[in-house]
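The values are calculated or read from the model by the stated rules, or taken from the named source; none is laboratory data. Everything numeric in this text was worked out from a predicted model, so none of it was measured.
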Amino acid sequence: MKKVLLITTVLWIVTMTIVIGVLFKADAYKNTYKIKINRIHSRLSSDMDFNENIIKNLSSEDLGIISSVKIIDYKNASKTKEENFFKINDLNNNPSVYLPIERSNYLVKYSIKTDERKTKEIVVICSIITILFLTFLGFIIYTYKYIIKPMKKLSLVPKQLATGYIDKLTVSYKHQYFNDFIWGLDMLREKLQDERNRNYELEKQRKTLVASLSHDIKTPLSSIKNYTIALNEDVYEKPSEQKRALDIILDKTEVIEKLTKELLESSIKEINANALKVNKKEVYMSDIHKRLNQIIHQKIDLLHMEYESCELKEDLLVVADLDALSQVFDNIIENAIKYGDLNRIKVSYHKEEYCQFISIENTGQSIAETEIKHIFSSYYRGSNIKDQPGYGLGLYICKKSMQALEGDVYAQNTEAGVRFVIVVKLAS
């Protein structure tokens, strides 16, 4: 801001200096007419013919800013000639100088040519430049005070939010657009604050749950360990005592199993809460097709898999959440890569009644018929997992997301591999 003001002021000063210099130069040039008059007048004599000849042969260099030179015999001239001699016809009111010739009856008139109009134009230009400078200066000051300065304060807010500093916004602004922006930032701040508090509470609950389960598991685990050591070292000789020890171990195992189940159910509840957060709106199938193509290419291009995709027959409008569908596509394609033969993926579309069906088929090993109905259950992993990492939650999340969108997802075995079918509801 200071640099802009300094540069603008310097430019204005330089411009005004140049203009004033031109004015002074013009004024100095105007005063040269006195020297020119003296030089011309010194050449004149008491001989009229001689004088008229000199005046007639005066060059522009001799005259300078003298527009004309006239001579008259004021004692012998007629009245009309005398009136014409002294008459002023100059509309610009340029001055005239009258000088007599010594030892004669002659009077010489020197008409001076001044450029007052040009001077006025320069003054007007100076005034316009000054007004423009002051206007620009005012605009800069206004912009800095009411736009740049508040924006500098606002620019700190995202940084503070990113670093975890969440407090009330102290920035205020008179302009409605800035107020809306500040209001939006404040809403973001409140949402981040709520999210942070929620995460803090969840983390607190998780730690409490883990600590509680650890404590609850420790006691039966200790009993199992002690009775197992006792059985291993033949502490119990009687069969009845051995059976009693085994019953206690089994009982404690069931306690641990129950506690583990509680932990898994708690995790599933959290997954359900997150999976159900979908933003249902009307989306064109062309947008969904484009997103699916993008996800598939991102995953298979480096694997050099064959990709077969059919064109959409109709660009139908469906009820969906593009982000939620992207997560579903991502999980299904990931499964196709993990458990398929990395040979081919095929995508096709068809419509039935009020639904749009999206089929994603991969070649490779099929799923056992006894397992195919369970693959969308939480923490379920089929017999074809080999050494692939995972927790059996991907397809479970897909199912929950599609149910939240009033759709569905299911799997079918094909001759070449497995087909996943995503059902999306058509917009009414």
(message) Please verify whether N197 is modelled with pLDDT of 80 or more and outside any loop (DSSP other than H, G, I, E, B), treating the condition exactly as stated.
(response) yes
(request) Give the residues of segment 313-340 that are outside any helix (DSSP H, G or I) and within 34 Å of the chain's Cα centre (by Cα), sorted by residue number. (result) D315, L316, L317, V318, V319, A320, D321
